[in-house]
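Here the structure is laid out as structure tokens; the discussion comes afterwards.
The values are calculated or read from the model by the stated rules, or taken from the named source; none is laboratory data. Because the structure is a prediction, the values reported are computed rather than measured. Note that each Cβ is placed from the backbone with ideal geometry, even for glycine, and that neighbours are counted across all protein chains shown. Accessible surface areas use protein heavy atoms only, side chains included; no ligands, DNA or RNA. Shrake-Rupley method; radii C 1.70, N 1.55, O 1.52, S 1.80 Å.
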Amino acid sequence: MEGMPVSMGGLRTLPWYVAGSQVLGVASVVITGVWMGHYRGGYAWDGSTQEFNVHPLCMVLGLVFLYGDAVLVYRVFRNESKRSVKILHALLHMMALIISIVGLVAVFDFHSAAKIPHMYSLHSWCGMLTFVLFFIQWLLGLGFFLFPWASAQLRSWYLPLHVFFGLLLLVMAVGSCLLGITEKLLFNIMETYSRFTGEGVLANILGLLLVSFGVVVGYVVTRDDFRRPPNPEEEALSVHFKTLSEGEIPSSP
């Protein structure tokens, strides 16, 4: 279609990328549930290995899928008010936070009941670092953007850091999941893993789905023509406010 702006042509593909991300995210959660439910004995809250199974399901659901969706909302809801999108962004993060806390409590409770040392593996270090940074990022987001107390200049300075760490945390969450998947397989099926057993293949597929989800979300968020269209009335009040003396038009995240 000659004469069509590049951004307009690109926007036609946005729903497909968003739909693809949701298929990948839901598939990741479902496969995690099947893995822990079918191959690892199901779920419980009694200090047993079934309680541990709550941990991977909650972390994939919270710190990967819901967190990734929270990152996407500014691209999906392009024409809704910025305030409404901010609230949805914060609520999805809060849901991810609560579910992740449940997952962390489950694994610490299991380790305590089984008398297994806490926080000794690379997976646990990376996972805890990701969670702590996520919690700090969420608190800062509330303070800077949803219930702003800082000056417009300070918020404008922090916004690029908020966006950068938002994507970085998704990468860290996916990476921590991959470490956890490998650790779980080596602990449980080390002797049969190399024989392409059903559990091993399913877990490997889960890893690929998680990586694919992260890649699609990252691509959508970083593609310029998927950004929200500027709204002069909102931009005048937004967190990216630029003074007229700078001679710049702020861009949407």
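Considering only residues that are open to solvent by 30 Å² or more (accessible area, probe 1.4 Å), assigned to a helix (DSSP H, G or I) and at pLDDT below 85, which ones fall in region 211-253? Scanning region 211-253 gives PRO232, GLU233, GLU234, LEU244, SER245, GLU246. Taking region 74-115 as the range and being of a type in the set (S, T, N, Q) and touching a residue at least 60 places away in the same chain (Cβ under 8 Å) as the test, the residues that pass are ASN79, SER81, SER112.
Among the candidates MET36, MET94, single out the residue that is more than 30 Å from ARG227 (Cα to Cα), modelled with pLDDT of 95 or more and outside any loop (DSSP other than H, G, I, E, B).
On the way: MET94 fails: more than 30 Å from ARG227 (Cα to Cα).
Of the residues listed, the single one that is more than 30 Å from ARG227 (Cα to Cα), modelled with pLDDT of 95 or more and outside any loop (DSSP other than H, G, I, E, B) is MET36.
May I ask you to list the residues in region 95-118 that are open to solvent by 70 Å² or more (accessible area, probe 1.4 Å) and either aliphatic (A, V, I, L, M) or under 20 Å from the mean Cα position of the chain (by Cα) (or both)? Selection gives MET95, ILE98, ILE101, VAL105. In this structure, GLY207 does not satisfy being farther than 26 Å from TYR120 by Cβ and modelled with pLDDT of 90 or more.
Just to be sure I understand, how many residues within region 191-201 are surrounded by fewer than 17 Cβ atoms within 10 Å (Cβ to Cβ), assigned to a helix (DSSP H, G or I) and not basic (Lys, Arg)? Write out each step before concluding.
Here is the first cut: in region 191-201, the ones surrounded by fewer than 17 Cβ atoms within 10 Å (Cβ to Cβ) are 191-192, 194-198, 201.
Cutting the leftovers down to assigned to a helix (DSSP H, G or I) gives us 194-195, 198, 201.
After this cut, where a residue has to be not basic (Lys, Arg) as well, the list is 194, 198, 201.
Number satisfying all stated conditions: 3.
One residue stands out among those in region 24-64 that are charged (D, E, K, R) and open to solvent by 20 Å² or more (accessible area, probe 1.4 Å): the one that is nearest to ALA113 (Cα to Cα), which is ASP46. Against the numbered list (1) open to solvent by less than 50 Å² (accessible area, probe 1.4 Å); (2) modelled with pLDDT of 95 or more; (3) part of a helix (DSSP H, G or I), GLY9 comes up short only at (2).
Against the numbered list (1) among the aromatic types (Phe, Trp, Tyr); (2) more than 14 Å from VAL220 (Cα to Cα); (3) open to solvent by 20 Å² or more (accessible area, probe 1.4 Å), TYR17 comes up short only at (2).
So which of LEU161, LEU208, LEU129, LEU170 ends up being open to solvent by less than 60 Å² (accessible area, probe 1.4 Å), assigned to a helix (DSSP H, G or I), aliphatic (A, V, I, L, M) and on the phi < 0 side of the Ramachandran plot?
On the way: LEU161 fails: open to solvent by less than 60 Å² (accessible area, probe 1.4 Å); LEU208 fails: open to solvent by less than 60 Å² (accessible area, probe 1.4 Å); LEU129 fails: open to solvent by less than 60 Å² (accessible area, probe 1.4 Å).
Exactly one of LEU161, LEU208, LEU129, LEU170 is open to solvent by less than 60 Å² (accessible area, probe 1.4 Å), assigned to a helix (DSSP H, G or I), aliphatic (A, V, I, L, M) and on the phi < 0 side of the Ramachandran plot, namely LEU170.
State all residues of region 136-158 that are open to solvent by less than 60 Å² (accessible area, probe 1.4 Å) and under 24 Å from ILE101 (Cα atoms); if no residue qualifies, say none. Across region 136-158, the qualifying residues are GLN137, TRP138, GLY141, LEU142, GLY143, PHE144, PHE145, LEU146.
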